[in-house]
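Input: a single structure, listed below in structure tokens.
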Amino acid sequence: MDLDAVRTFVAAVEAGRFQDAATDLSITQQAVSKRIAALERSLGARLFTRTARGAVLTGDGTAFLPHARELLAAEQRALASVRTGPLRVDVIGRRLCPATLLRGFHEAHPEVALEVATLFDTAITAIRDGSIDASFRAVVTLPEDLDAQWVLDEPIQLLCGPAHPLADVASVTPADLAGRRIRLPGVVPGTEWGAYYAEFAAAFGLWIDAAGPNFGIEVVLDTIAESAEVATLVGAGSRVLWPPGYDLRRVPIEAPVPVYPHSLVWRRGNAHPGLTALRRHLAESERAAGAWRPSWAA
């Protein structure tokens, strides 16, 4: 199986559109389409339904996704078994806040050879087996052979369409969100973000709708752009893009500000000099005073 095609498939899922995946991979949109088409031929299954608004996973695509991520993780493990050198760091998604943090490190330390991975929910396993050196995570529990360092409190914001009742307010409180439908299909029980939003919802009586399949951020944006009732939550440091006609609004949440506690996680005993430089670089942040964070991150 062509791993470049598999990598392109995963990038397209994360980006939501072939054009955005092409940007993330630094290739052309035509190259993305060709790789996906070749992968579909090799599998004998259609992975995406193409629409004017983006690429939506088919049932076969949804079934193949976790195996695609495992193939890429296996590739990283295979490479790690025969080489050392670049600092390999997982950022979960290239449009999320950790990617910005890592880019800042690269700009400050261009002498450190760096490889960026997006392993989603397999990163802890990859750290433990040496496939990667570190990952940005919100630490709920941690195996004894791993260590972690808090690096950033990222404020969470409300994202809604122009018809939503809270679209034109300067800010909202968590209490203002009680009883309103917040669509977050990517919140999966058992994940760190699942644990975060479960405690956040319980603390303030929120209705977080995570039911049904996750067709990607593009479908969520389509929904909230047209709705006067549905909104979603995004990190203040995430790079969420939408068509200009959607006129979506980011609304700060205050009193208290809910923050997502990002940490850097690595395997104990990892002496990679780049990891030492990264930890020192990330140690410059300060905790957000008066913010809300889950009990396990206090």
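The values are calculated or read from the model by the stated rules, or taken from the named source; none is laboratory data. Remember, predicted model here, so these are calculated numbers, not experimental data. Positions of Cβ are generated from backbone atoms using ideal geometry, with glycine treated the same way; all protein chains shown enter the neighbour counts.
Please enumerate the residues belonging to the range 99-116 that are assigned to a loop (DSSP other than H, G, I, E, B) and in contact with a Leu (Cβ under 7 Å, 6 or more places away or on another chain).
VAL112, ALA113, listed by residue number.
Run ASP145 past the list (1) charged (D, E, K, R); (2) closer than 21 Å to ILE208 by Cβ; (3) modelled with pLDDT under 95 and report the number of the one that doesn't hold.
ASP145 satisfies all of (1) charged (D, E, K, R); (2) closer than 21 Å to ILE208 by Cβ; (3) modelled with pLDDT under 95 except (2).
Working only within the range 117-139, note down all residues that are in a helix (DSSP H, G or I) and under 24 Å from PHE200 (Cβ atoms).
Matches in the range 117-139: PHE120, ASP121, ALA123, ILE124.
Of the residues in the range 121-166, how many are farther than 20 Å from CYS97 by Cα and basic (Lys, Arg)?
Looking only at that region, the number is 1.
Among the helices (runs of 4 or more DSSP H) contained in the range 1-74, which hold 2 or more residues that are under 20 Å from the mean Cα position of the chain (by Cα) and buried (at least 21 other Cβ atoms within 10 Å of the Cβ)?
Hits in the range 1-74: 3-15, 18-25.
Only one of (1) closer than 28 Å to GLU226 by Cβ; (2) touching a residue at least 12 places away in the same chain (Cβ under 8 Å) is not met by ILE124, so which one is it?
Status for ILE124: all satisfied but (1).
Please find, among VAL187, VAL257, the residue that is at negative phi, more than 16 Å from the chain's Cα centre (by Cα) and either surrounded by 20 or more Cβ atoms within 10 Å (Cβ to Cβ) or hydroxyl-bearing (Ser, Thr, Tyr) (or both).
None of the other options fit; the residue is VAL257.
Out of the residues in the range 89-132 that are of a type in the set (D, E, K, R) and touching a Ser or Thr at 6+ places or on another chain (Cβ under 7 Å), state the one that is surrounded by the most Cβ atoms within 10 Å (Cβ to Cβ).
ASP90
Just give me the residues in the range 102-137 being under 19 Å from the mean Cα position of the chain (by Cα), acidic (Asp, Glu) and within 19 Å of ALA283 (Cα to Cα), in sequence order.
Result: ASP133, single match.
Can you tell me which of (1) out of contact with any strand residue (DSSP E or B) (no Cβ under 8 Å at 6 or more places or on another chain); (2) surrounded by 13 or more Cβ atoms within 10 Å (Cβ to Cβ) is the one VAL240 doesn't meet?
Tallying (1) out of contact with any strand residue (DSSP E or B) (no Cβ under 8 Å at 6 or more places or on another chain); (2) surrounded by 13 or more Cβ atoms within 10 Å (Cβ to Cβ), VAL240 fails exactly one: (1).
Among the residues in the range 196-205, are any outside the structural domain of ASP60 (by TED's automatic domain parsing) and loosely packed, with under 14 Cβ neighbours inside 10 Å?
yes
Residues SER33, SER26, SER42: which one is of a type outside the set (Phe, Trp, Tyr) and out of contact with any helix residue (DSSP H, G or I) (no Cβ under 9 Å at 6 or more places or on another chain)?
Going through SER33, SER26, SER42 in turn, the sole match is SER26.
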